1. For Ile88, state whether it is part of a helix (DSSP H, G or I), touching a strand residue (DSSP E or B) at 6+ places or on another chain (Cβ under 8 Å) and over 21 Å from Thr24 (Cα atoms).
2. How many residues does region 155-171 contain that are touching a residue at least 40 places away in the same chain (Cβ under 8 Å) and surrounded by fewer than 20 Cβ atoms within 10 Å (Cβ to Cβ)?
3. Kindly indicate which of Asp22, Asp67 is over 17 Å from Phe126 (Cβ atoms), in contact (Cβ under 8 Å) with a residue 12 or more places away in the chain and surrounded by fewer than 17 Cβ atoms within 10 Å (Cβ to Cβ).
4. Any residue that is closer than 30 Å to Lys7 by Cβ and basic (Lys, Arg) - is there at least one of those in region 139-159?
5. Among the residues of region 172-190 satisfying the criterion of being within 10 Å of the chain's Cα centre (by Cα) and farther than 16 Å from Leu52 by Cβ, which is surrounded by the fewest Cβ atoms within 10 Å (Cβ to Cβ)?
6. Counting just the residues of region 134-154 that are among the small types (Gly, Ala, Ser) and under 22 Å from the mean Cα position of the chain (by Cα), which one comes out surrounded by the most Cβ atoms within 10 Å (Cβ to Cβ)?
7. Quick check on my filter: what residues within region 234-277 are assigned to a helix (DSSP H, G or I), over 17 Å from Lys300 (Cβ atoms) and touching a helix residue (DSSP H, G or I) at 6+ places or on another chain (Cβ under 9 Å)?
8. Take the residues of region 25-51 that are in contact (Cβ under 8 Å) with a residue 40 or more places away in the chain and among the acidic types (Asp, Glu): which is nearest to Asp147 (Cα to Cα)?
Amino acid sequence: MLNNYFKNKFPFAFNYFSNLLDLTKEGIRDFPQALIFEGADTKNQYLFALELARILNCQNNGEIDCDCINCRWIKSHSHPCVNNVSQIHFKGENDETKTVISVKQAAEIEKSLSLSSDYHRFFIFFSSREYNYAENELACFRELLYDDNINYSIEPLNYQTFNPATLNALLKSIEEPPKRTTFIFLTKSREDILATIVSRCLVFKLSGEKTSITYNDILNIISNYPNITYQNCFDLSDMFQKYIKDENINIEEILNKILEYLKDLLKKNISNSSFVLKINNDIKIVNEAIKYKKANMQDKIILDTMFLKIARGY
């Protein structure tokens with residue numbers, strides 16, 4: 001039922017939900033009541049959420065070209081029970097907030113859940129603003145046969161747009177929703193969602209295509225090597241943490257690229273004995289950081305410790 005469009009983009013989630021959708025449609029398993037999709041590719045996370053909603057509400061077998069009323073509604077972004085929730089969606093009459101998902105919107109959701117429904121209800125949370133798309137930006141919608149006549153952006157949630165007060169107001173609805181109701185939160189990282197919400201959700205890393213790391217990426221961040229000091233070592237750690245989060249890259253890839261960079265630097269400076277000594281020492285420190293990651297230490301601790309040791313020289 002799930003289109004192969006998602007097989008290459010989100011292989012684990014594709015396999016997991018393909019099986020789960022079959023079991024749910026057969027009445028063997030309940031579909032999860034709360035999900036978090038994390039990663040950099042928010043637009044395709046959104047389409048994945050819509051496809052889950054479409055297949056669960058489809059009156060036939062969920063094929064991409066199905067023309068039942070529910071599939072037509074969802075593909076045209078007009079299904080009465082598949083709801084976007086953002087700064088500009090799902091607003092009550094007296095809700096004039098424009099920069100955050102508000103507590104009033106949480107109340108609107110509670111009100112809608114008090115009404116019975118024959119559909120599987122979805123509430124898809126993301127950050128949004130009015131936006132004019134370039135022609136090529138909506139090719140993914142057309143590929144999945146969705147209406148591309150949309151004028152809003154699809155951006156990840158964060159604490160600024162989805163604050164704890166609103167999240168807390170949703171807790172009861174998420175914990176005890178009516179049957180056949182699913183909340184989906186789209187974000188770059190689960191750390192951008194209140195921990196009490198995360199604990200009530202199944203979290204899936206929908207990362208999209210892998211980012212390729214190059215020497216230029218590393219050099220742009222570590223340009224002050226070998227002059228890393230106590231004063232700037234934690235700033236350097238913060239820069240790498242931000243890069244990892246923004247580009248949705250695993251820290252092991254970064255550490256291995258730093259290691260590769262140091263080894264190349266060693267070859268180019270083999271005649272400089274004092275510099276060779278420092279590089280060899282720093283290679284040992286990076287290798288130690290790789291071992292820390294294998295022991296499941298947090299990225300921040302690994303990077304802070306590594307750059308502090310490089311600054312100290314041991």
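The values are calculated or read from the model by the stated rules, or taken from the named source; none is laboratory data. Remember, predicted model here, so these are calculated numbers, not experimental data. Every residue, glycine as well, gets a Cβ built from its backbone with ideal geometry; the counts of neighbours run over all protein chains shown.
1. Values: part of a helix (DSSP H, G or I): no; touching a strand residue (DSSP E or B) at 6+ places or on another chain (Cβ under 8 Å): yes; over 21 Å from Thr24 (Cα atoms): yes.
Answer is no for this residue.
2. So the count comes out to 4.
3. Within the list Asp22, Asp67, the selection yields Asp22.
4. Yes, region 139-159 has at least one match.
5. Let us first name the residues in region 172-190 that are within 10 Å of the chain's Cα centre (by Cα), namely 185-190.
Next, from what is left, pick out any that are farther than 16 Å from Leu52 by Cβ: 187-190.
Working: Thr187: 24, Lys188: 19, Ser189: 18, Arg190: 16.
Filtering first and then ranking leaves Arg190.
6. Ranking the candidates gives Ser153 first.
7. Asn256, Lys257, Leu259, Glu260, Tyr261, Leu262, Lys263, Asp264, Leu265, Leu266, Phe275, Val276
8. The selected residue is Glu51.
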